[in-house]
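**Q** Here it is, the structure in full.
The values are calculated or read from the model by the stated rules, or taken from the named source; none is laboratory data. If you're wondering where the values come from, they're calculated on a predicted model, not measured in any experiment. Don't worry about glycine lacking a Cβ; one is built from the backbone with ideal geometry, like all the others, and counts go over all protein chains shown. Quick note on the areas: whole protein, heavy atoms, side chains included, nothing else; ligands and nucleic acids left out. Shrake-Rupley method; radii C 1.70, N 1.55, O 1.52, S 1.80 Å.
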Amino acid sequence: MIRYFTAGESHGPALSAIVEGLPAGLAIAPGDIDDELARRQQGYGRGGRMKIETDRAEVLSGVRFGKTIGSPVTLQIENRDWKNWTSKMARFEQPEESIPPVTVPRPGHADLGGMIKYGFEEIRPVIERASARETAARVAACSLAKVFLRAAGIQIGSYVSAIGPAGGKALSPNLSELLAGGAANLSKAADGSSVRMLEPEHEQAAVAAIDRAKEEGDTLGGIIELFITGAPMGLGSYVQHDRRLDAELAAALVSIQAVKGVEIGPAFENAGKPGSQVHDELFPGSGEPCRKTNRAGGIEGSMSNGQAIHLRAAMKPIATLMTPLHSFDTISMDAHLSHIERSDTCAVPACSVIAEAVVAPVVANALLRKTGGDHMREILERLEAYRKEIAERFGN
Ligand code: EPS
């Protein structure tokens with residue numbers, strides 16, 4: 001099973017990740033990680049920080065001659081901004097008293113709960129680790145699982161369907177065409193937009209909404225559509241809560257900073273309809289059972305059903321506002337406008353790339369539970385045998 005941990009503060013020297021459980025023999029190129037890091041840095045609406053950073057991962061262990069060797073992979077990403085923060089983020093070099101404390105928590109952020117929970121007198125240590133800068137390490141770690149899935153014929157892609165008032169919940173009319181060649185095509189199309197939207201009129205409206213929000217010192221959230229194609233029927237399980245694919249995917253998405261809602265297919269729309277208008281009817285087909293609709297979002301009984309898996313994630317607007325909200329000073333207890341910290345106006349496009357990343361280990365682990373195996377050859381042989389068994393069963 002693939003597990004990973006990340007470490008690092010937003011303005012510390014570096015972010016790092018340890019990825020454990022990757023099978024041996026997986027071919028990895030530096031671009032597999034760095035291209036995903038570069039995609040995560042894109043998106044209209046980011047603040048000044050992205051002009052400072054050029055994220056690249058150094059691989060410190062677990063890869064030899066371009067292939068995994070089954071041992072933990074250690075990744076490290078330098079924070080270029082560190083040089084501007086050596087005082088505020090000193091490890092040993094100067095006393096805490098030399099830096100003015102940050103004592104006004106931002107509503108909607110981890111600030112208040114974090115300082116109470118960990119017993120801090122100020123919020124700086126909370127800001128640093130709660131920051132979505134951490135997702136750079138996650139994207140690097142999860143990119144390895146994405147490579148593993150690609151080798152197994154499983155692709156992940158995403159786009160942004162709404163940013164603030166722009167766009168909406170309706171799926172893009174070009175979606176089936178884009179997904180026909182695999183979900184990576186969808187991502188490629190979304191990569192061409194400054195906000196990862198597929199319709200030019202949505203992109204224009206989103207850019208205008210971001211400009212407006214920035215002028216007003218406000219922030220915007222949005223909706224991400226995520227698709228996984230090529231997963232065979234039967235990944236995940238109904239037999240135990242912790243093997244339910246939908247539950248694991250939802251948990252992975254909600255673990256992204258500021259993601260507050262997840263839908264499997266059009267779940268909320270389905271909730272208002274009778275079953276006869278929701279369930280995807282089955283028709284005997286040549287090769288595999290055929291459905292004319294995908295209102296289940298590719299998951300039935302918490303298992304993949306062979307159709308494209310569709311997940312939708314809602315990101316709330318970022319909690320750091322340049323026009324601050326009401327708060328209070330945790331030392332004097334006086335009312336005070338909330339702390340202003342450099343931040344982004346909108347990070348929904350980045351969140352879309354992060355969403356692709358975090359679901360990869362979930363799907364990879366569901367696949368590894370099905371096939372077992374410690375090296376790529378045996379895993380791919382077993383997967384091929386399983387795919388063949390399904391095809392033969394349905395007369396192909
Ligand atoms: C973030 C605040 C901003 C963002 C950061 C997330 O950082 P800074 O305070 O340095 O301007 O840029 O995102 C990243 C650094 C990143 O790599 O995505 C926050 O508070 O979550």
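**Q** Only one of (1) buried (at least 23 other Cβ atoms within 10 Å of the Cβ); (2) modelled with pLDDT under 95 is not met by residue 156, so which one is it?
**A** (2)
**Q** Additional query: Where in segment 1-86 are the strands (runs of 3 or more DSSP E), entirely inside, with at least 3 residues that are buried (at least 21 other Cβ atoms within 10 Å of the Cβ)? Lay out the reasoning, then the answer.
**A** On the way: elements: 3-7, 14-20, 57-61, 73-78.
The qualifying strands (runs of 3 or more DSSP E) are 14-20, 73-78.
**Q** Which condition number does residue 33 fail, the rest of (1) in contact with a strand residue (DSSP E or B) (Cβ under 8 Å, 6 or more places away or on another chain); (2) more than 30 Å from residue 207 (Cα to Cα); (3) within 16 Å of the ligand (Cβ to nearest atom) being met?
**A** (2) is the only condition that residue 33 fails.
**Q** Can you report the number of residues in segment 51-71 which are free of Cβ contacts under 8 Å to residues at least 12 places away in the same chain and within 16 Å of the ligand (Cβ to nearest atom)?
**A** Our first condition is that a residue be free of Cβ contacts under 8 Å to residues at least 12 places away in the same chain; within segment 51-71, this holds for 51, 64-65, 71.
Add one more test, that the residue is within 16 Å of the ligand (Cβ to nearest atom), and what stays is 51.
Qualifying residue count, segment 51-71: 1.
Every residue, every condition in (1) open to solvent by 10 Å² or more (accessible area, probe 1.4 Å); (2) within 30 Å of residue 106 (Cα to Cα); (3) at pLDDT 95 or above, yes or no:
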position	(1), (2), (3)
278	yes, no, yes
288	yes, no, no
350	no, yes, yes
353	no, yes, yes
372	yes, no, yes
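**Q** A further question follows. Return the only residue of 143, 172 being within 16 Å of the ligand (Cβ to nearest atom) and of a type in the set (S, T, N, Q). So that I can check it myself, show each step before the final result.
**A** Values: 172 fails: within 16 Å of the ligand (Cβ to nearest atom).
The unique qualifying residue is 143.
**Q** A follow-up question, please. Out of curiosity, is residue 330 in a loop (DSSP other than H, G, I, E, B), among the β-branched types (Val, Ile, Thr) and open to solvent by 20 Å² or more (accessible area, probe 1.4 Å)? Walk me through it before giving the result.
**A** On the way: in a loop (DSSP other than H, G, I, E, B): yes; among the β-branched types (Val, Ile, Thr): yes; open to solvent by 20 Å² or more (accessible area, probe 1.4 Å): yes.
Yes.
**Q** Pull up segment 254-308, narrow it to residues that are assigned to a loop (DSSP other than H, G, I, E, B) and among the aliphatic types (A, V, I, L, M), then point me to the one that is nearest to residue 175 (Cα to Cα). Before you say what the answer is, go through the steps one by one.
**A** First pass over segment 254-308, keeping only residues assigned to a loop (DSSP other than H, G, I, E, B): 255-258, 265-266, 271-274, 278-281, 284-289, 292-298, 301-302, 305-308.
Going one step further and asking which of them are among the aliphatic types (A, V, I, L, M), we end up with 256, 258, 271, 278, 296, 308.
On the way: 256: 25, 258: 26, 271: 23, 278: 20, 296: 16, 308: 11 Å.
Within segment 254-308, the match that is nearest to residue 175 (Cα to Cα) is 308.
**Q** If you check every pair at least six apart or on different chains, which have Cβ atoms under 7 Å apart with a residue in segment 194-216 that is on the phi > 0 side of the Ramachandran plot first and a residue that is in a helix (DSSP H, G or I) second?
**A** 196/190; 196/349; 196/352
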